Amino acid sequence: MEKNVPVFVKIVDYKEVLDIVDVLKQKLKETTQTLEHIRELKSEEDKELQEWEKSITEISRRIAFIDSAFFENE
Amino acid sequence: MNKKIPKRKMELPAHDETYFIYLKNPLEYRRQLLESTRRTIHCLKNYQRILLIRQKKLEELQKLKTSLKELLYLNKKLNEKLPKYDKSFLEGMKSEDKVKPARATPINARKPAVPVPHRERSELDKLEESLAGIEKKLRTLQ
């Protein structure tokens, strides 16, 4: 295949190409926004999981306190 | 979570209804227990929130998949609009080559599609196939 040879596109096709590129740009913008939204949801989920972990640790600590108080009583 | 509830040191006596244990600070135990309950309920609420977030995330992923499919379609359309060879023109070129000296090959020659044996193909197979095709085209451009 010869490289760097000028390409000629029919004017009708050229207009269609421009339209397609416009739609492509719009779609890409939408996709970027969706991705950003997914990233936000992921970080929200991570935050909730961290909160969960913190709660479980705290519950463990409190139960351990009650347990030791009940069973190490003099 | 590394913190574990420690094992009890004291063994419980055999069941006896007259056995009582003195608690030094009952209010503090009650408080701790209530706090634990509060936290547990908080965890359950948290679980519901996580379920909602995951549901939203699934919806967004579905949207992303649709958008990517649309992008793929638009790319294909764009590719179609670019000048390409007519198959019969190419064949004519080959027969002329035998008689005449070699001519410059047209700029955007495309190889005819390789016939694929008919079989059930998964979505992944199709994607891999089109990916291989595109990579091949890219190599010819380099």
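Just so it is clear, none of the values below were taken in a lab; they were calculated from the coordinates. Being a predicted model, the structure only gives us computed values, none of them experimental. All Cβ positions, even for glycine, are placed from backbone atoms using ideal geometry, and neighbour counts span all protein chains on display.
If you plug the beta carbon distance of residue A:28 and residue B:38 into 1/(1 + (r/R0)^6) with R0 = 41 Å, you get a FRET efficiency near 0.30. When the Cα atoms of chain A are aligned to their principal axes, the ranges along those axes come out at 96, 27, 9 Å in descending order.
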